[in-house]
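To start, the structure itself, in structure tokens.
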Amino acid sequence: MRIGIDWGGTKMEVVALDRAGTVRARHRRDTPKTYDACIETVRDLVALAEADAGETCTVGLGIPGSPNPRTGLVRNSNAVIINGKPLGRDLEAALGRPVRLANDANCLAISEAVDGAGADARVVFGVIVGTGHGGGIAIDKRVHAGFQGIAAEIGHYSLPWMTPAEYPGLTCWCGKKGCLDMYACGTGLELDYAEVTGARIKGREIIEAKRAGDAVAVAVYDRFVDRLARSLALLTNIVDPDVFVLGGGMSNVDEIYEDLPGRILPYLFGDSFETPIRKALHGDSSGVRGAAWLWQDGD
């Protein structure tokens, strides 16, 4: 039995999966405001899941940000209370057993590689298209975090092939300009609409307006798809995965799966684009399931 925990900005979720991937326990708690309280909440969630499962389980944790593979300190997290903290060591001390940590986008990738939309593929590139733009890689159904532990941090390279109107780009929360985290995501869709109209509305409202034929919303959606296509084109040029699996709120916009492939091809250093682009099979549960799959048979 494997336990996975998704450390979200507002909620923490735990699941216990059996060997077949069936959920044997699921619980949620609000994410506390202090670091020590978060450690206690994780401990409590593990205890609840193990009481339901009836056995001691392995524990994996998906987090915003990533642990430095040499120091163990968390960095690059928008859950700022864990930055600079030895989260893995502190959790192991609290739980009395080894704990594996991974970036939440890597958890999406491994979840979908093990028993999701990429189960038939060797190299799965998971792309989160939600509030931000992030990525994770699974190879042979295991996370590929990279030597520095920052593989697939795609939200913080610049929007590829910027147009003159886009250059030098919006200032990202990381301090740099032009990051994809400000473009190829729901936030980017909303910011583009606000720039044109002066009104900040939710992404789902923009999509509804687009479907109703609103000219501004259609143009904003078109730019969003083109920017997402540029990201996937660059990833294809570098990684050329067997499949892209999309997660996050914007992944539920069904039109993008029809619209993306033709927009990717002009940016490729190649003569065709055949890579499948699929919606995450496990949806919002991919992150927590992927955290559980950080432990595999034989580990």
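At-a-glance table
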| item | result |
| --- | --- |
| All Cα pairs of segment 187-259, percent lying beyond 19 Å | 36 percent |
| Under 17 Å from K177, Cα to Cα: aspartates and glutamates that are on another chain or at least 8 residues apart | E153, E166, D192, E195 |
| Accessible area of the chain belonging to carbon and sulfur atoms, whole % at 1.4 Å probe | 51 percent |
| Rounded to 10°, Cα long-axis angle of helix 255-264 versus longest principal axis of the chain | 70 degrees |
| In segment 249-299, chymotrypsin sites (Phe, Trp or Tyr not before Pro) in a DSSP loop with at most 16 other beta-carbon atoms within 10 Å | F269 |
| For segment 1-144, alpha-carbon Rg relative to the globular expectation (2.2 N^0.38 Å, N residues) | 1.01 |
| Helix 186-197 vs. the chain, principal-axis angle (Cα, 0 to 90°, nearest 10) | 30 degrees |
| q = 0.14, 0.16, 0.17, 0.18 Å⁻¹, segment 119-280: log10 I(q)/I(0) [Debye, one scatterer per Cα] | -0.69, -0.90, -1.02, -1.14 |
| Degrees, to the nearest 10: 35-53 long Cα axis against longest axis of the chain | 70 degrees |
| Accessible area in the full protein assembly, largest first, 1.4 Å probe, for K210, K141 | K141, K210 |
| Two-site FRET efficiency, Y167 against N237, from Cβ-Cβ distance with R₀ of 22 Å, rounded to 0.05 | 0.60 |
| Overall form of segment 208-296 per C-alpha gyration tensor (a/c, 1.5; a/b vs b/c) | oblate |
| Qualifying chymotrypsin sites (Phe, Trp or Tyr not before Pro) in segment 141-249, DSSP loop, other Cβ atoms within 10 Å at most 16 | F147, Y157, W161, W173 |
| Backbone HN-Hα couplings from phi across segment 19-26 [Karplus 6.51/-1.76/1.60, Hz, Gly and Pro as x] | 4, 7, x, 7, 6, 9, 7, 8 |
| Label point distance in nm, E258-D284, each placed 7 Å from Cα along Cα→Cβ | 2.6 nm |
| Longest site-free stretch - the chain; sites: GluC sites (Glu not before Pro), DSSP loop, at most 11 other Cβ within 10 Å | 56-273 |
| Cross-link reach list, lysines versus K33, counting only Cα pairs under 27 Å and skipping chain neighbours closer than eight places | K11, K85, K202 |
| Nearest-0.05 FRET efficiency for R122 and D271, computed from C-beta distance (R0 25 Å) | 0.60 |
| Orientation-averaged projected area, Cα convex hull of the chain (nm²) | 15.8 nm² |
| Integer Hz, Karplus 6.51/-1.76/1.60 couplings in order for segment 109-115, x for Gly and Pro | 4, 6, 4, 6, 6, 6, 8 |
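The values are calculated or read from the model by the stated rules, or taken from the named source; none is laboratory data. Every value quoted in this text rests on a predicted model; they were computed, and no experiment measured them. Every residue, glycine as well, gets a Cβ built from its backbone with ideal geometry; the counts of neighbours run over all protein chains shown. To get the accessible areas, we keep the full protein, side chains included, count just its heavy atoms, and leave off ligands, DNA and RNA. Shrake-Rupley method; radii C 1.70, N 1.55, O 1.52, S 1.80 Å.
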